[in-house]
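Trainee: The structure follows.
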Amino acid sequence: MEVLAYAARHGYANMCDEAAPKTVLTSPRDAVTRLNLTTFVRWVIAICICCRTSRLMMIKVLYREHWMDILHRLHTVRPPLVYHRGGRSTCEKWTVFQTNIKSSFGSNPGALMEIEDRFYGENSSLSECKHCTIRSNNWERETLERIRYIPKFSAMLPS
């Protein structure tokens with residue numbers, strides 16, 4: 001991606017052509033942070049042309065990326081700790097709960113549409129631990145907040 005960014009910035013068309021195919025596995029989120037806006041748009045259009053997709057498909061990919069980021073975060077970022085009595089950072093109930101939550105979402109971003117149901121269903125396993133219940137509620141609330149800030153699909157459509 002860095003080579004493509006450099007080549008595009010300096011107008012080296014041949015180098016762009018050589019570097020671009022090596023970037024197809026790069027997520028749009030990573031690409032937009034490494035390329036200037038003009039090069040990013042060209043990159044997305046090139047990917048769509050290469051894959052014979054429409055502009056609408058390109059918008060769908062960019063829209064989906066927001067959901068995938070939230071799902072990735074759910075799997076990789078530890079929710080903030082709520083310390084238990086005696087200064088313990090967690091208990092044995094949390095590990096089982098967290099594993100079950102992550103498993104219930106899997107790799108399906110559509111599962112985020114059922115976040116309240118999924119947390120509610122698993123929260124019963126924490127009923128005896130108010131600290132872990134608070135941590136679960138914070139995790140759910142933080143994830144819902146991220147979902148709330150996903151741009152509306154219609155806002156991404158050209159006027």
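Read-outs throughout are calculated quantities, based only on the coordinates presented, and are distinct from any laboratory measurement. Quick caveat, the model's predicted, so the values are computed rather than measured. Glycine gets a Cβ as well: all are built from the backbone with ideal geometry, and neighbour counts include every protein chain shown.
Trainee: Where does each of Val77, Val61 land when they are ranked from fewest to most other beta-carbon atoms within 10 angstrom?
Mentor: Ordered by Cβ neighbours within 10 Å, fewest first: Val77, Val61.
Trainee: Modelling each spin label as a point 7 Å along the Cα-to-Cβ direction, I'd like the Thr95/Met1 distance in nm, to one decimal.
Mentor: Taking the two extended label points, one gets 3.5 nm.
Trainee: Within 10 Å of each candidate Cβ there may be at most 15 other Cβ atoms; applying that plus a DSSP loop requirement, which trypsin sites (Lys or Arg not before Pro) in the stretch 79-124 survive? All intermediate terms of the calculation are to be shown ahead of the outcome.
Mentor: Values: sites: Arg85, Arg88, Lys93, Lys102, Arg118; in loops: Arg88.
In loop regions of the stretch 79-124 (DSSP not H, G, I, E or B), the sparsely surrounded trypsin sites (Lys or Arg not before Pro) are Arg88.
Trainee: With a cut-off of at most 15 other beta carbons within 10 Å, and DSSP calling the residue loop, which GluC sites (Glu not before Pro) in the stretch 55-146 qualify? Please list them. The partial results should precede the final answer.
Mentor: Values: sites: Glu65, Glu92, Glu114, Glu116, Glu122, Glu128, Glu140, Glu142, Glu145; in loops: Glu128.
For GluC sites (Glu not before Pro) across the stretch 55-146 that sit outside H, G, I, E and B with at most 15 neighbouring Cβ atoms in 10 Å, the list reads Glu128.
Trainee: If you average the alpha carbon positions of the stretch 125-159 and of the stretch 17-37, how far apart do those two centres end up, in angstrom?
Mentor: Between the Cα centres of the stretch 125-159 and the stretch 17-37 lies a distance of 29 Å.
Trainee: Using r as the Cβ-Cβ distance of Ala13 and His72, and R0 as 35 Å, what FRET efficiency do you calculate, to the nearest 0.05?
Mentor: Values: r = 34 Å, r/R0 = 0.97.
Efficiency for this residue pair is about 0.55.
Trainee: Given points 7 Å out from each Cα along the Cα-Cβ axis, report the Tyr120 to Ile45 separation in nanometres with one decimal.
Mentor: Going by the 7 Å Cα→Cβ label model, 4.7 nm.
Trainee: Let me ask something additional. Report, ordered by chain and residue number, the aspartates and glutamates lying within cross-link reach of Lys22, taken as a straight Cα distance under 19 Å and ignoring same-chain residues fewer than 8 apart.
Mentor: Qualifying aspartates and glutamates at Cα under 19 Å: Glu2, Asp30.
Trainee: Run the reach check for Lys102 against lysines, Cα to Cα strictly under 29 Å, same-chain hits fewer than 8 apart removed. What comes back?
Mentor: Within the straight-line cut-off, Lys102 pairs with Lys60, Lys93, Lys130, Lys152.
Trainee: To continue, here is another question. Helix 55-76 sits at what angle to the longest principal axis of the chain, using alpha carbons and giving 0 to 90 degrees rounded to 10?
Mentor: 30
Trainee: Could you work out the helix-only [θ] at 222 nm for the chain, with each DSSP H run of four or more residues adding -39,500 (n - 2.57) and the total divided by the number of residues, to the nearest 500 deg cm²/dmol?
Mentor: -20500 deg cm²/dmol
Trainee: Can I ask one more? Between Ala13, Ala111, Ala31, find the one with the highest GNM mean-square fluctuation for the chain; connect C-alpha pairs within less than 10 Å.
Mentor: The residue with the greatest mean-square fluctuation here is Ala13.
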